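Peer 1: Could you have a look at this structure, given as structure tokens, before my questions?
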Amino acid sequence: MSETVKYVLSEGRIPEAWYNIAADLPEPLPPVLHPGTGQPVGPDDLTPLFPMALIGQEVSSERWIGIPGPVRDVYRQWRPSPLHRARRLETALDTPARIYYKYEGVSPPGSHKPNTAVAQAFYNKEEGVARLTTETGAGQWGSALAFAGALFGLEVKVFMVRVSYEQKPYRKALMQAYGANCVPSPSTETEAGRTILARDPNTTGSLGIAISEAVEVAAQNKDTKYSLGSVLNHVLLHQTVVGLEALEQLEMAGDYPDILIGCTGGGSNFAGLVTPFLGRQLRGEGERVRAIASEPTACPSLTRGLYAYDFGDTGHLTPLVKMHTLGSAFVPPGFHAGGLRYHGMAPLVSHLQELRLIESRAYHQNECFEAGVAFARAEGIVPAPEANHAIKGAIDEAVRCREEGTARTILFNLSGHGHFDMAAYVEYFAGTLEDRYYDEAALAEALAALPQV
Ligand SMILES: *Cc1c(COP(=O)(O)O)cnc(C)c1O
């Protein structure tokens with residue numbers, strides 16, 4: 001008998017509600033603070049930037065939040081996404097581990113990001129917004145929001161981190177194909193961008209800088225709101241469709257994970273995979289799981305950052321959030337997993353680490369590409385450079401199973417495909433891909449500049 005390699009749910013099994021782990025946390029998240037007053041922010045502070053529905057989700061402690069019909073209708077195009085059993089990879093690694101991956105590269109823009117982009121576009125449209133601004137690193141988020149904007153009839157303006165804008169021209173063209181406007185960041189279109197260019201005309205840019213630009217434009221225009229592709233509670237919430245579907249698919253497989261792994265930039269695909277499982281554990285309904293966040297050594301917020309209040313952006317336009325941070329002034333070196341070049345971490349993921357509900361690891365880019373290529377040769381999917389960090393984590397755990405002779409179940413999130421990232425693979429195969437190290441002095445300086453709270 002042939003063995004199952006893919007667990008597929010019918011369209012009707014798309015979750016009807018997102019799961020909000022805030023309802024099950026043993027300790028609540030620290031409040032978000034207004035930088036001027038040091039007091040918790042209220043909805044009024046956020047209304048210039050976000051629609052009320054998303055502000056409500058941001059602070060909600062309801063366990064289940066219904067997914068609107070029109071959002072589920074769009075999800076139908078590619079959801080439920082498949083859960084694969086990586087049998088060929090298991091054989092190649094000669095491991096007794098059972099390795100599963102949830103494949104989010106099947107969405108039209110090629111990553112998990114449309115799970116929240118579609119929801120955000122829907123709520124903004126419902127509240128009469130005409131235009132969305134946003135930042136993008138590698139271009140995955142920008143193209144996801146451009147896609148969602150096209151479906152719901154919203155204009156989309158994207159500030160793309162300059163190093164990625166230059167490395168990934170096809171992502172920009174994809175955004176244009178969806179009708180969005182994309183400019184390199186820092187740009188001369190905003191005060192925040194002009195200030196940084198005056199200081200450092202050759203800057204690579206960073207997500208922190210691009211966020212400042214997008215926030216500035218939204219705050220100054222009444223018909224425009226801002227949209228963030230990671231970090232915020234409502235974004236992590238929308239990504240829980242990943243873990244909820246995986247739970248059901250593993251049930252079909254008659255299995256349950258011992259180890260969950262996701263790569264972490266801002267933390268959304270990781271949280272989307274792991275929080276439904278952690279919720280079961282916290283409610284005493286499911287086995288204890290080990291959840292491992294896998295991040296780049298060149299931008300190691302969870303493994304090297306301080307857990308402290310900091311700004312979400314470089315220009316200090318955002319509220320203060322408590323998170324693992326490298327300092328909002330920290331500009332990570334330009335490595336290829338552009339989606340992981342963020343100085344901070346989702347406050348929720350940071351909180352989970354503080355509560356010891358998750359662990360974190362940091363990897364260099366060459367070892368991640370090595371893992372990604374091994375995966376491609378076994379499973380046939382070329383992963384996004386970001387996702388290679390999750391694969392590296394999963395392979396390490398599978399090798400440990402071999403060494404210990406233990407058959408654990410490993411589930412990781414394959415957050416996207418790498419078809420727009422082949423320039424990075426070209427460098428890897430040419431042997432010119434360098435492991436990047438951040439500047440210790442610059443990190444110390446950025447951390448010393450953390451706001452006093
Ligand atoms: C953006 C992105 C990431 C990192 O963002 P998270 O919010 O940490 O998930 C990871 N993988 C892919 C493919 C991405 O596009």
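Peer 1: Within segment 20-34, take every residue that is touching an Asp or Glu at 6+ places or on another chain (Cβ under 9 Å) and in a loop (DSSP other than H, G, I, E, B) and give me the one that is nearest to Phe277 (Cα to Cα). Full working, then the answer.
Peer 2: Taking segment 20-34 as the starting set, the residues that turn out to be touching an Asp or Glu at 6+ places or on another chain (Cβ under 9 Å) are 20, 22-23, 27, 32, 34.
So of that shortlist, the ones also in a loop (DSSP other than H, G, I, E, B) come out as 20, 27, 32, 34.
On the way: Asn20: 12, Glu27: 18, Val32: 26, His34: 33 Å.
So, considering only residues that are touching an Asp or Glu at 6+ places or on another chain (Cβ under 9 Å) and in a loop (DSSP other than H, G, I, E, B), the one nearest to Phe277 (Cα to Cα) is Asn20.
Peer 1: Filter segment 35-48 down to the residues that are closer than 20 Å to Lys322 by Cα, assigned to a loop (DSSP other than H, G, I, E, B) and touching a residue at least 60 places away in the same chain (Cβ under 8 Å) and list them by number.
Peer 2: Pro35, Gly38, Val41
Peer 1: Of the conditions (1) under 18 Å from Ser212 (Cβ atoms); (2) within 15 Å of the ligand (Cβ to nearest atom), Ala337 fails just one. Which one is it?
Peer 2: Ala337 satisfies all of (1) under 18 Å from Ser212 (Cβ atoms); (2) within 15 Å of the ligand (Cβ to nearest atom) except (1).
Peer 1: Further question on the same structure: So in segment 246-275, with the set limited to residues that are surrounded by 21 or more Cβ atoms within 10 Å (Cβ to Cβ) and among the small types (Gly, Ala, Ser), which one is farthest from His389 (Cα to Cα)?
Peer 2: Ala246
Peer 1: Look through segment 363-402, keep the residues that are farther than 16 Å from Glu90 by Cα and aliphatic (A, V, I, L, M), and return whichever of them is surrounded by the most Cβ atoms within 10 Å (Cβ to Cβ).
Peer 2: Among them, the one singled out is Ala387.
Peer 1: Scan the helices (runs of 4 or more DSSP H) fully inside segment 115-185 and keep the ones with 2 or more residues being more than 13 Å from the ligand (Cβ to nearest atom) and closer than 24 Å to Arg76 by Cα.
Peer 2: Hits in segment 115-185: 140-152, 169-177.
Let's see how each residue does on (1) under 19 Å from Leu414 (Cα atoms); (2) part of a helix (DSSP H, G or I); (3) within 14 Å of the ligand (Cβ to nearest atom); (4) aromatic (Phe, Trp, Tyr):
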{"site": "Ala329", "(1), (2), (3), (4)": "no, no, no, no"}
{"site": "Pro332", "(1), (2), (3), (4)": "no, no, yes, no"}
{"site": "Glu367", "(1), (2), (3), (4)": "yes, yes, no, no"}
{"site": "Ala371", "(1), (2), (3), (4)": "yes, yes, no, no"}
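Peer 1: Output the qualifying pairs, or none if there are none: Cβ atoms under 6 angstrom, residues six or more apart or on different chains, first residue in segment 256-272 and assigned to a strand (DSSP E or B) and within 6 Å of the ligand (Cβ to nearest atom), second residue modelled with pLDDT of 95 or more and not hydrophobic (A, V, I, L, M, F, W, C).
Peer 2: As it stands, the answer is Cys263/Ser294; Cys263/Glu386; Cys263/His389, since those pairs meet every condition given.
Peer 1: Filter segment 276-298 down to the residues that are surrounded by 21 or more Cβ atoms within 10 Å (Cβ to Cβ) and over 14 Å from the mean Cα position of the chain (by Cα), then identify the one that is farthest from the ligand (Cβ to nearest atom).
Peer 2: At the first step, the residues of segment 276-298 found to be surrounded by 21 or more Cβ atoms within 10 Å (Cβ to Cβ) are 276-279, 291-296, 298.
Still in the list and also over 14 Å from the mean Cα position of the chain (by Cα): 276-279, 291-292, 298.
Details: Pro276: 15, Phe277: 16, Leu278: 16, Gly279: 19, Ala291: 14, Ile292: 13, Ala298: 14 Å.
Taking the candidates together, the pick is Gly279.
Peer 1: Next question, about the same structure. Looking at segment 208-217, is at least one residue over 14 Å from the mean Cα position of the chain (by Cα), within 24 Å of Leu352 (Cα to Cα), within 16 Å of the ligand (Cβ to nearest atom) and crowded, with 22+ Cβ neighbours inside 10 Å?
Peer 2: yes
Peer 1: For Glu90, which of the numbered conditions (1) under 21 Å from Met252 (Cα atoms); (2) touching a residue at least 40 places away in the same chain (Cβ under 8 Å); (3) part of a loop (DSSP other than H, G, I, E, B) fails to hold?
Peer 2: Glu90 satisfies every listed condition except (3).
Peer 1: Identify all residues within segment 93-114 that are in a strand (DSSP E or B), within 16 Å of the ligand (Cβ to nearest atom) and of a type outside the set (Lys, Arg); write none if there are none.
Peer 2: First pass over segment 93-114, keeping only residues in a strand (DSSP E or B): 98-103, 111.
From the residues that got through so far, the ones that are within 16 Å of the ligand (Cβ to nearest atom) too are 101-103, 111.
Correct list: Tyr101, Tyr103, Ser111.
Peer 1: Could you grab me the full set of residues in segment 234-250 that are touching a strand residue (DSSP E or B) at 6+ places or on another chain (Cβ under 9 Å) and more than 14 Å from the ligand (Cβ to nearest atom)?
Peer 2: Within segment 234-250, Leu244, Glu245, Ala246, Glu248, Gln249, Leu250 meet the criteria.
Peer 1: Can you confirm whether segment 222-230 contains a residue that is in a helix (DSSP H, G or I), modelled with pLDDT of 95 or more and under 23 Å from Leu326 (Cα atoms)?
Peer 2: For segment 222-230, residues in a helix (DSSP H, G or I), modelled with pLDDT of 95 or more and under 23 Å from Leu326 (Cα atoms): absent.
Peer 1: Same structure again: Given the criteria closer than 19 Å to Val217 by Cα, buried (at least 24 other Cβ atoms within 10 Å of the Cβ) and in contact (Cβ under 8 Å) with a residue 60 or more places away in the chain, does Thr195 qualify?
Peer 2: Working: closer than 19 Å to Val217 by Cα: yes; buried (at least 24 other Cβ atoms within 10 Å of the Cβ): no; in contact (Cβ under 8 Å) with a residue 60 or more places away in the chain: yes.
The answer is no for Thr195.
Peer 1: Then there is this: Looking at His419 and the list (1) exposed (fewer than 14 other Cβ atoms within 10 Å of the Cβ); (2) away from the ligand (no atom under 16 Å from the Cβ), which single condition is not satisfied?
Peer 2: Condition not satisfied by His419: (2).
Peer 1: Quick check on this structure: which one of Leu433, Leu411, Leu357 is away from the ligand (no atom under 14 Å from the Cβ), part of a loop (DSSP other than H, G, I, E, B), surrounded by 14 or more Cβ atoms within 10 Å (Cβ to Cβ) and at pLDDT 95 or above?
Peer 2: Result: Leu357 is the single residue among Leu433, Leu411, Leu357 that is away from the ligand (no atom under 14 Å from the Cβ), part of a loop (DSSP other than H, G, I, E, B), surrounded by 14 or more Cβ atoms within 10 Å (Cβ to Cβ) and at pLDDT 95 or above.
Peer 1: Ok, one more. Could you tell me whether segment 60-82 includes any residue that is more than 16 Å from the ligand (Cβ to nearest atom), without any contact (Cβ under 8 Å) to a residue 12 or more places away in the chain, assigned to a helix (DSSP H, G or I) and of a type outside the set (Lys, Arg)?
Peer 2: Yes: one or more hits.
Peer 1: Got a sec? Which of Ala271, Ala219, Ala192 is out of contact with any helix residue (DSSP H, G or I) (no Cβ under 6 Å at 6 or more places or on another chain) and of a type in the set (A, V, I, L, M, F, W, C)?
Peer 2: On the way: Ala271 fails: out of contact with any helix residue (DSSP H, G or I) (no Cβ under 6 Å at 6 or more places or on another chain); Ala192 fails: out of contact with any helix residue (DSSP H, G or I) (no Cβ under 6 Å at 6 or more places or on another chain).
None of the other options fit; the residue is Ala219.
The values are calculated or read from the model by the stated rules, or taken from the named source; none is laboratory data. Here the structure is a predicted model, which is why all the values come from computation and not from measurement. Positions of Cβ are generated from backbone atoms using ideal geometry, with glycine treated the same way; all protein chains shown enter the neighbour counts.
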